[in-house]
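Only one structure is covered here, and it is reproduced in the block below.
The values are calculated or read from the model by the stated rules, or taken from the named source; none is laboratory data. From a predicted model like this one, the values you see are computed outputs, not experimental measurements. Quick reminder, even Gly has a Cβ in these numbers, built from the backbone with ideal geometry, and neighbours come from all protein chains shown.
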């Protein structure tokens, strides 16, 4: 399984969407860090280098990161279909579920790798503002960007770390949903589009207040949720991920190639 | 002896469309079985069913006595090319693609990778990305990938499509040698003239059905003598101990010998009985003519049945 996963992980670097994603994730923090109209639009000034990663996360979790993750995961499987290599791989002595689970593992790790990259780039982009203690908030902790007094560098890093990990975790079900749809449609574009359609439709379901806490899209805000609610959020994310992964494996096992 | 490949009443339907209809055949180790038929006859689907890539709607498949769906590890002994042209990661070189296959297959040495590349005439192109390979080169790399593990069963879907004559010859030579070393080979092909030279059996498919099986190996042992009286020659030869089988076709008497050196005895016995032997030689089987004849007969049968139903 380790061998299979390492083979599948190496394929990640050949995804076309990865190159575009990396460019977007490099440009995004730079735009936020030095945007001239940020005070006019949002009514605050960036006062610390720690606020740039938070701003990058706040702005990209709404649409950009789910899009990037969905497209990359769909492409991860779709690439095998477009190259025609899927049957060739399945003729080797690996079971279908082993192979797909290796893909699923890579798809699960992808949001973490992506957000680690965004975090580092954002942190570097904020170098102009410095990394000392500052009066205000990171934007992902108590009190938002205005904060509750002075925040130490260590506390800011902890807040950001927690937010980025939760954000990556909440993107995992989206990644696996894209895999599931790609297995169903046997097409990368179909998989990515269906995932986005589901996310957009789910966002509309907030008109049903009793459903809202359990929606997949609601978990995308987990990185700014109070710590007390995290257990339920993590359990819901794990449940969604397990359902999508299990359905993908079951369907893939019975596919004709 | 365990059969290398066996299908029993194998059928595949997509919705209401029957793509493969009750196909049964057997391939023993060391045999080459060629599936021939027009495009859309169901050859590729049969190959995908046999390799375990597709699931049969009914019927059974076994590879070396095991169901490839239930026991996927049987694929350790399988080498296959199911795409025409063979598919590879275009961003990897020929050698890197084989290394990736070797990792998945396990127990394949670097020497073996170099050996198969050389065997398929790809040593010079091994460091070139497969994205720029020609159709024929990809096909040859496909055969190289299939041969990596020295498989006991080789299954190839049109392995020589898009190849130049030299590459075509190379692929058929490699398959023939693999069979001589004991591998069972199942291939689908349109190259009737090439496969008839070395295959053991030919299965003719049309509209999802296996309409005929021809034992080429048995036909290769046949001799033909053009004689003045074929029926009388048949009677004379029937009683001889060096004759295994005898029949007639027009002015010819067709026979198989119990020993190849007995051919001169045939001339002797016939001439002493007053039969003029006007020609003698191997009864070369014209697969192309037989195939065309078989397909047209099958079509006539189908239209007759349709008319009867109407």
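Given the criteria surrounded by fewer than 14 Cβ atoms within 10 Å (Cβ to Cβ), closer than 30 Å to residue B:36 by Cα, modelled with pLDDT under 90 and outside the structural domain of residue B:57 (by TED's automatic domain parsing), does residue B:239 qualify? Here the answer is no, as residue B:239 does not meet what is asked.
Taking the criterion of being within 13 Å of chain B (Cβ to nearest Cβ) and part of a helix (DSSP H, G or I), would at least one residue in region A:63-75 satisfy it? For region A:63-75, residues within 13 Å of chain B (Cβ to nearest Cβ) and part of a helix (DSSP H, G or I): absent. Of all residues in region B:1-47, those satisfying the criterion of being in a strand (DSSP E or B) and free of Cβ contacts under 8 Å to residues at least 12 places away in the same chain are B:14, B:17. Selection within region A:80-93: residues that are out of contact with any strand residue (DSSP E or B) (no Cβ under 9 Å at 6 or more places or on another chain) and within 18 Å of residue B:138 (Cα to Cα). The member of this set that is surrounded by the most Cβ atoms within 10 Å (Cβ to Cβ) is A:80. Of the candidates B:184, B:197, the single residue that is assigned by TED's automatic domain parsing to the domain that holds residue B:37 and at pLDDT below 90 is B:197. Just checking, which of B:132, B:143, B:171, B:153 is buried (at least 22 other Cβ atoms within 10 Å of the Cβ) and more than 14 Å from chain A (Cβ to nearest Cβ)? It is B:171. Say we look at region B:88-119 and pick out the residues that are touching a residue at least 40 places away in the same chain (Cβ under 8 Å) and crowded, with 19+ Cβ neighbours inside 10 Å; which of these is farthest from the other protein chains (Cβ to nearest Cβ)? This residue is B:94.
Residues in region A:105-113 include none that are touching a residue at least 60 places away in the same chain (Cβ under 8 Å) and either within 14 Å of chain B (Cβ to nearest Cβ) or under 25 Å from residue A:48 (Cβ atoms) (or both).
Within region B:229-248, the set of residues being in contact with a helix residue (DSSP H, G or I) (Cβ under 8 Å, 6 or more places away or on another chain) and either without any contact (Cβ under 8 Å) to a residue 40 or more places away in the chain or assigned to a loop (DSSP other than H, G, I, E, B) (or both) comprises B:236, B:237, B:240, B:242, B:243, B:246, B:247, B:248. Condition check: under 27 Å from the mean Cα position of the chain (by Cα), surrounded by 15 or more Cβ atoms within 10 Å (Cβ to Cβ), within 14 Å of chain A (Cβ to nearest Cβ) and within 20 Å of residue B:87 (Cβ to Cβ). Does residue B:122 satisfy that? So residue B:122 fails the test.
From the list A:201, A:218, the one residue that fits, being within 20 Å of residue A:58 (Cβ to Cβ) and either modelled with pLDDT under 95 or in a loop (DSSP other than H, G, I, E, B) (or both), is A:218. For region B:51-75, what are the residues that are within 22 Å of residue B:178 (Cβ to Cβ), at the interface with chain A (Cβ under 9 Å from one of its Cβ atoms), in contact with a helix residue (DSSP H, G or I) (Cβ under 7 Å, 6 or more places away or on another chain) and touching a residue at least 24 places away in the same chain (Cβ under 8 Å)? Residue satisfying the conditions is B:53 alone.
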